[in-house]
Amino acid sequence: MDKKILAVLLVALAVAVALSPFASSNPDGLERVAEDKGFLEQGEGKEVITAPIPDYLLPGVENERLATAAAGFVGTLVTFGVMYGVGRLVAGRKAGARQTSP
Amino acid sequence: MHIPDGFLDAKTWVTTGVLSAGTLAYALRRTRQTLQDRQVPAMGVMAAFIFAAQMVNFPIVGGTSGHLIGAVLAAVTLGPWSASIIMAVILILQSLLFQDGGLTALGANILNMGVIAVFAGYGVYRLLERYRAVGVFVASWVSVMLAAAACAVELAVAETIPLAVVLPAMLFWHAFIGVGEGLITAAVVEILSRTGVALSRDTTKA
């Protein structure tokens, strides 16, 4: 991989590990509106699936900041990996199409 | 503004799901024609960076917070079609792995942040491209406002809350969050261009 591209990945990991544990825990814009306008409870307990790392806290890590940093690290790498895989599939299909047409 | 399960009714999440799936299918066809193997790592790191940046909520006024969406960042650096795929990948992973955004609301969330924010933001960016960082800032702000407006419309269509109540409230908070989006996006685009990190957007232009 290009060194500059790798540098962006390292910056992403640094943001996830070092900054995310210090993110504001205030409600975001939509949560705030849902709270103020009284429809927040409509979303409570309605989750269709149970995610493995709910609320960006890696299970089994006691310290909340460490759990967030760990979730950020895992999530950033998984996102890179999945996007890379999807990208290869998309780019690869074109190469296949080229081989069949002269 | 990740909509959780329970906020939207079936007709709203099915409609938004169909709209998002259709757009993504078309985006995949567009990128398949132009995407080169060597550009794939750039898409990967952009997705990783936006995922990480979305975790960092910044405080705005009145005890509320916001975080980067990243739609304009991805669109300006890699083109809007690639950007919509990147945003969809992020939103799908956030929903499946982190319970951030409901599975039933995935179509709406992709429509708001991966389609509307991407293409409207990119359109504004193209109009204001000559103003460089200012153009990126304005495009980013508009992308957040339109995504927030779309979210409000969906909540109203689902009869969760009347539009006259939810639209002004969503636009009020996101006017501040959009400033954060604009500042972060303009700064990152500037850093990427000054350090010569070429993410080759020209190949996947609309």
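Reported value for the stretch B:10-204: 115 Å³ per residue, from the convex hull of its C-alpha atoms.
If only the Cβ of Lys and Arg carry +1 and only the Cβ of Asp and Glu carry -1, the dipole of the protein assembly as shown around its Cα centre is close to 1760 debye. Compared with the dominant Cα axis of chain B, that is its longest principal axis, helix B:117-128 is turned about 50°.
For chain B, the longest principal axis of the alpha carbon atoms and the long axis of helix B:133-157 meet at an angle near 30°.
Kirkwood radius, the stretch A:3-100, all distinct C-alpha pairs, inverse of mean reciprocal distance: 16.6 Å. The H on the amide N of B:SER65, modeled in the peptide plane, is under 5 Å from the matching H of A:ASP28, A:GLY29, B:ILE60, each at least 5 residues off or on a different chain. Placing pseudo-labels 7 Å out from each Cα toward the beta carbon at A:LYS3 and B:VAL134 gives an inter-label distance of 3.7 nm.
Between A:VAL48 and B:ILE191, what is the FRET efficiency for a Förster distance of 30 Å, r being their Cβ-Cβ separation, to the nearest 0.05?
0.20
Compared with the direct C-alpha span, the chain from A:ALA14 to A:LYS37 gains 4.6 nm at full extension, assuming 0.36 nm per residue. Peptides B:166-175, B:184-193, B:88-97 ranked from most to least packed, by the mean per-residue count of other Cβ atoms within 10 Å: B:88-97, B:166-175, B:184-193. For the stretch B:70-163, applying the loop criterion from DSSP together with a ceiling of 14 other beta carbons within 10 Å to the trypsin sites (Lys or Arg not before Pro) yields B:ARG132.
The distance separating the Cα centre of the stretch B:3-75 from that of the stretch A:23-89 comes to 14 Å. Among the residues of B:65-75, the average count of other protein chain beta-carbon atoms within 10 Å of the residue beta-carbon is 2. In plain terms, the residue of A:LEU58, B:LEU68 with the fewest other Cβ atoms within 10 Å comes first and the most crowded comes last, giving A:LEU58, B:LEU68.
Summarised as an ellipsoid, the stretch B:7-107 has semi-axes of 24, 20, 11 Å, derived from the eigenvalues of the Cα gyration tensor scaled by 5 and square-rooted, with the largest first. Panel order for B:SER65, B:SER84, by other beta carbons found within 10 Å of each beta carbon, from fewest to most: B:SER65, B:SER84.
No lab work stands behind these numbers, since they all come straight from the coordinates. All values derive from a computational prediction rather than experimental measurement. Glycine also receives a Cβ, built like all others from the backbone with ideal geometry; neighbour counts cover every protein chain displayed.
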